[in-house]
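Enquirer: Mind looking over this structure? Questions follow.
Readers should treat all values here as calculations from the given coordinates under stated rules, not as data from a laboratory. All of these numbers come straight from a predicted model, not from anything done at the bench. Here the Cβ is made from the backbone with ideal geometry for all residues, glycine too, and neighbour counts use every protein chain on show.
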Ligand SMILES: CC(C)(COP(=O)(O)OP(=O)(O)OC[C@H]1O[C@@H](n2cnc3c(N)ncnc32)[C@H](O)[C@@H]1OP(=O)(O)O)[C@@H](O)C(=O)NCCC(=O)NCCS
């Protein structure tokens, strides 16, 4: 527990904690940053404050097929991003990984560590067998963070998504099997 927030997975520089209602302001600011949103689905979509609060308030119900975490910076004990596994299918043992960080926290290795922590949780606690993730081709940092964590490219949808500044780009599909 850090400042009233239970931490679920502890890491070296970041940890994964429970998302609190007080994180709504952070989410509202970061998810509406065009640079953060550029490589997420529905670019150009605006997110409203009440939606963030609703989303947080419904996370408990969503646990039926998803888990979402606040990515917490250990030094500052501040939230720097969100990582989640959604579309969990317990009979297949599969789930889809997604994440984003506030811009000020990019390039510090935080996504790489958060993906490692979330993968450990999915394989070690949820007993999932396989994780997948889809990344737009120009999103080099995201692809590298997945590859560093043992994800492998397993296919692509060619020229599938429109990304501002790049036109239509491939959706690169990644997968990681729990092979321990
Ligand atoms: C993608 C994102 C999560 C990466 O987070 P991050 O904490 O900056 O990533 P890391 O610091 O762990 O870096 C991962 C790798 O990418 C490299 N990298 C970081 N920024 C980069 C950039 N702009 N261009 C190229 N490589 C980059 C790092 O050097 C590192 O590789 P290395 O270990 O070989 O040095 C972050 O940029 C983000 O939130 N983007 C917007 C939302 C998004 O794209 N989410 C993912 C959708 S699939």
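Enquirer: Can you tell me how many residues within region 29-50 are assigned to a helix (DSSP H, G or I) and over 16 Å from the mean Cα position of the chain (by Cα)? Steps first, please.
Expert: Taking region 29-50 first, the residues assigned to a helix (DSSP H, G or I) are 29-31, 34-37, 49-50.
Narrowing the set further to residues that are over 16 Å from the mean Cα position of the chain (by Cα) leaves 29, 34, 49-50.
Result for region 29-50: 4.
Enquirer: Are there any strands (runs of 3 or more DSSP E) wholly within region 105-180 with 3 or more residues that are surrounded by fewer than 20 Cβ atoms within 10 Å (Cβ to Cβ) and more than 9 Å from the ligand (Cβ to nearest atom), and if so which?
Expert: Of the strands (runs of 3 or more DSSP E) lying wholly inside region 105-180, those with at least 3 residues that are surrounded by fewer than 20 Cβ atoms within 10 Å (Cβ to Cβ) and more than 9 Å from the ligand (Cβ to nearest atom) span 152-163, 167-177.
Enquirer: Within region 55-75, can one find any residue that is free of Cβ contacts under 8 Å to residues at least 60 places away in the same chain and over 26 Å from residue 94 (Cα atoms)?
Expert: Of the residues in region 55-75, the ones free of Cβ contacts under 8 Å to residues at least 60 places away in the same chain are 55-68, 71.
Keeping just the survivors that are over 26 Å from residue 94 (Cα atoms) gives none.
Within region 55-75 (the criterion being free of Cβ contacts under 8 Å to residues at least 60 places away in the same chain and over 26 Å from residue 94 (Cα atoms)), the answer is no, since none of the residues qualifies.
Enquirer: Go through 23, 54 for me and flag whichever is more than 16 Å from the chain's Cα centre (by Cα) and either surrounded by 11 or more Cβ atoms within 10 Å (Cβ to Cβ) or in a helix (DSSP H, G or I) (or both).
Expert: Just one listed residue meets the conditions, 54.
Enquirer: Are any of the residues in region 68-90 within 15 Å of the ligand (Cβ to nearest atom), part of a helix (DSSP H, G or I) and touching a strand residue (DSSP E or B) at 6+ places or on another chain (Cβ under 8 Å)?
Expert: no
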